[in-house]
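Shown next, in structure tokens, is the structure this report addresses.
Nothing in this text is a laboratory measurement; each read-out follows from the coordinates by a stated rule. None of the values given here were measured: they were computed from a predicted structure. No Cβ is skipped: glycine too gets one built from the backbone with ideal geometry, and neighbour counts run over all protein chains shown.
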């Protein structure tokens, strides 16, 4: 089902799917309005620190660093063993 919503920046009315309207707090008719709104209200567009996705990204980055360290260590040990 489609709903008519108002752009939170310019007030322009446009059509969005109901599930999209229910998923988001703010609605924008175009990218320009979104970016202008974000400039004026930076606090409302920041993801919370406890954001699940943010935590997943941090954990992935940590795992990647650890993997790279182990891989380097193994490679160095292999080269040292070849020389002996």
Report, in deg cm²/dmol and to the nearest 500, the calculated mean residue ellipticity at 222 nm for the chain, where each DSSP H run with n ≥ 4 adds -39500 (n - 2.57) and the sum is divided by the residue count. -19500 deg cm²/dmol
Any idea what diffusion coefficient the chain gets from Stokes-Einstein, in µm²/s, Kirkwood Rh on alpha carbon pairs, 4 °C, 1.567 mPa s? 76 µm²/s
Label-point separation (nm) for residue 14 and residue 38, each offset 7 Å from Cα along Cα-to-Cβ? 1.5 nm
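Volume per residue, Å³, of the convex hull around the alpha-carbon atoms of the stretch 1-46?
Details: hull volume 2.8 nm³, N = 46.
Cα convex hull per residue, to the nearest whole number: 62 Å³.
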